[in-house]
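Inspection log for the structure reproduced underneath, given as structure tokens.
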Amino acid sequence: MLTPQDVEIYRERGYLLLPDRFDAAETDLLLSEACRLAALDIPQRIMESDGEQVRSVYAVHHHSAAFERFTRDARTLEPARTLLDGDVYIHQTQLNPKAPFTGDVWDWHQDYLYWERDDGMAEPRALNVAVFLDEVNEFNGPVFVMPGSHRLSLDRQTKTVRDGWENTLNADFRHKITPEVLGELADTYGLESVRGRPGTVCVFDGRLLHCSPPNLSGRPRTIIFIRYNSVHNPLRPVPDPRPEWLANRDPRPLEVLSRPFSVPVAR
Ligand code: 6CS
Ligand code: FE
């Protein structure tokens, strides 16, 4: 599925954009599932600070057969298997329907620091596969990245400012990088925004420094994130483990579907 050039770009820049991997019928199917899940009153649903709009729904693959198959579709799972060099499992899934006007910021961070500190992940051998269900443009809160920053460990520069895993889900993060450090890093690495049509796949390294601004466009910006971890990269025991819907501890490898996720197997 990935060309040697794709792999080179990913290794060099820490992320890779694969446009138009899913068609309109498929993104429509996922959007209608996203809508259904966002209406469920479940612990995995996190609201924005207004208490009205949905910020995230986690573990969508537990609540939707379509999302579960989607995590095993060749177009999501194969890139993860290639880039992580073998069998992978799901660490976390997250639906992010960034609502117009209330869809709040995600501050600069490296995902791996959360997975390492909060979940005991052994090594940065995990990645994100993000799939755009809406168009992502400069107005609706695209992910910003610093290309090449995936080679850095920002452990020393990232301060834990608040207790409690709940403070990773809202807009006020518990692990923060200081503004001085961020300014220097932006000078060194530069900033890019990751934009594309619905159906675009963006694969990015668990250590790529990224954030996203609020959505001021007036229209939703829905992205689904699948976080895959190598089966060879176990979560170690931690004193206060996060719930399994945020940090899955069952590393059973996933098998790639032989057909698109949108075509269920006939009974
Ligand atoms: O808590 C986590 O696992 C997540 N935290 C952030 C801020 N980004 C993604 C990651 O999955
Ligand atoms: Fe993140």
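Tabulated data
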read-out	value
Sites Arg236 and Ser258 - FRET efficiency at Förster radius 35 Å, r taken between beta-carbons, to 0.05	0.50
Asp250 versus Asp28: modelled label distance in nm, points set 7 Å from Cα along the beta carbon direction	3.4
Those residues of the stretch 102-134 whose amide nitrogen sits under 20 Å from the label point placed on Met1, 7 Å along Cα→Cβ	125-134
For the stretch 27-32, 3J(HN,Hα) per residue [Karplus equation, 6.51 cos²θ - 1.76 cosθ + 1.60, θ = phi - 60°, Hz, x = Gly/Pro]	5, 5, 4, 5, 5, 6
Relative contact order (%) - the chain, alpha-carbon pairs under 8 angstrom, separation at least six	34
Listed residues Ile223, Ile42, Ile177, most fluctuating in the chain (Gaussian network, C-alpha, under 10 Å)	Ile42
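None of the figures in this text is laboratory data; all of them are computed from the coordinates on show. Bear in mind the structure is a predicted one, so any value in this text is a computation, not a measurement. Note that we place each Cβ from the backbone using ideal geometry, even for glycine, and neighbour counts take in every protein chain shown.
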